[in-house]
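The values are calculated or read from the model by the stated rules, or taken from the named source; none is laboratory data. Small disclaimer: the values here were computed from a predicted structure and weren't measured. Here the Cβ positions follow ideal geometry from the backbone for every residue, glycine too, while neighbour counts run over all protein chains shown. To get the accessible areas, we keep the full protein, side chains included, count just its heavy atoms, and leave off ligands, DNA and RNA. Shrake-Rupley method; radii C 1.70, N 1.55, O 1.52, S 1.80 Å.
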Amino acid sequence: MNILLVGSGGREHALAWKIAQSPLLTRLVCAPGNPGIAALAEIRAVAATDVAGQVAVAREMGADLVVIGPESAVEAGLADALEAVGIPCFGPSKTAGQLETSKAFTKAFCDRHRLPTGAYGVFDAAAPAKAFLDRFTAPYVIKADGLASGKGVTIAETRADAEAAIDDMLGGGFGAAGARVVIEEFLEGEIASLFALCDGTHSLLFGGAQDHKRAFDGDKGPNTGGMGTYAPAPVLTDAVAEAARASLIEPAFAGIAAEGAPYRGVIFCEMMVTPDGPKLIEFNVRFGDPECQVLMLRLESDLVPYLHAAATGRLAQLPAPVWRDEAAICVVLAPKGYPGPSPEAGSVIKGAEADFGEDVFVFHAGTSRGEDGALIAGGGRVLNVCARGETLQIARDRAYAAIAKIDWPGGFHRTDIGWRALGQ
């Protein structure tokens, strides 16, 4: 099978690593890819959002399947363009993709289809948005409506901070993504991430994890795209997963199909496990990043049949996936200053491509090569240091031991990934 993988981050490196193990694979091409993916696949310098360019690559290589990694490609309409030329695509249409690309759409969708979520309001002007804060007590949740690379969410501890966040978003702080703001009820509980595949008709749960969104230890600092994750997560019991499937995931798939956009691909349900059951925080219309990394490390089954079945309406023919008994963890390394407006990009990383042992994996998330072949850090999340182990503690020890051997003075990472499960 010839497969085109779209994207360039740590998620795509993890997907490439798993796809490359499939006996069904004949040829793997990744566009635009990164230095880590280049060891596993042919690279094409085509942006994920260059729809015409991606379709041209797929046609040139005779792709039997295109796998969309990032949400930006969904929003650009890549799945729709591939469908128009008859190429199977793992990834939803632009219309179905609104479940992630517009938080206002998703909140209204939850109302229409009775999905449990927090109370909310949507605003395009500051005065009514600030007045709406009267409905809540601190902390306040302020979100940019559109895509903001995981950084368009502010959890404000004071009214003044909430109003400042509203002014920042509506004042252009997130560009077009912040043209509208969504103000939400702060939900009490423990956060969890659950994944499911859908082929337009049938669906299948596909693992879960727990992310760490805040930049610094102890869940302090600004929200990021994710500073680390681990699986399995104790909060995701079988009962919680079943409740989320019944109240959130299946109604979402049924609802978006009823609205004329059958869902094909993976959905990422980020939820708060509350005393009243799971409540939706947000949907993502792709594998999470860095959640995907730990899913791929724990997935025993061949990934390719699931990707192809979801793209071609054949999920009902496949059994539930098989997962390894081990725990897995992912620790994100980012440049100093991330996720602020001026992260310290361009520094050299040494030692990241060493052999850390068979249970440690370093996925590239934002790297490039210098003229001398050196590994250069970008301005966002840069490396994902991942490990497996018989227990989460063993996996975590392995990951942090590897990080200690990486020479990157320009970077930082959290030292407490997995703290909810380990109590430290």
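Annotations
- None of Ala47, Ala63, Ala73 is more than 19 Å from Phe253 (Cβ to Cβ), open to solvent by less than 60 Å² (accessible area, probe 1.4 Å) and in a helix (DSSP H, G or I) except Ala73.
- Residue match in the range 172-181 (condition: in contact (Cβ under 8 Å) with a residue 60 or more places away in the chain and either surrounded by fewer than 16 Cβ atoms within 10 Å (Cβ to Cβ) or within 30 Å of Pro251 (Cα to Cα) (or both)): yes
- Scanning the range 249-287 for residues that are over 19 Å from Glu83 (Cα atoms), out of contact with any Leu (no Cβ under 7 Å at 6 or more places or on another chain) and among the charged types (D, E, K, R) returns Glu250, Glu270, Asp276, Glu282.
- Here Gly146 fulfils each of the conditions (1) in a loop (DSSP other than H, G, I, E, B); (2) open to solvent by less than 40 Å² (accessible area, probe 1.4 Å); (3) touching a residue at least 60 places away in the same chain (Cβ under 8 Å) apart from (3).
- Positions within the range 381-397 being assigned to a helix (DSSP H, G or I) and buried (at least 20 other Cβ atoms within 10 Å of the Cβ), in sequence order: Leu392, Ala395, Arg396
- One residue alone among Gly207, Gly226 is touching a residue at least 24 places away in the same chain (Cβ under 8 Å), crowded, with 21+ Cβ neighbours inside 10 Å and not in a strand (DSSP E or B), and that residue is Gly226.
- Qualifying residue in the range 330-346 (condition: under 18 Å from Ala16 (Cα atoms), touching a Ser or Thr at 6+ places or on another chain (Cβ under 8 Å) and of a type in the set (A, V, I, L, M, F, W, C)): yes
- Condition check for Asp372 on (1) open to solvent by 60 Å² or more (accessible area, probe 1.4 Å); (2) of a type in the set (Asp, Glu); (3) modelled with pLDDT of 95 or more: one failure, at (3).
For (1) in a strand (DSSP E or B); (2) of a type in the set (A, V, I, L, M); (3) touching a strand residue (DSSP E or B) at 6+ places or on another chain (Cβ under 6 Å), each residue gets a yes or a no:
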site: Gly265; (1), (2), (3): yes, no, yes
site: Lys279; (1), (2), (3): yes, no, yes
site: Cys292; (1), (2), (3): no, no, no
site: Leu333; (1), (2), (3): yes, yes, yes
site: Ala352; (1), (2), (3): no, yes, yes
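- Of all the residues in the range 243-257, those that are open to solvent by 50 Å² or more (accessible area, probe 1.4 Å) and in contact (Cβ under 8 Å) with a residue 40 or more places away in the chain number 3.
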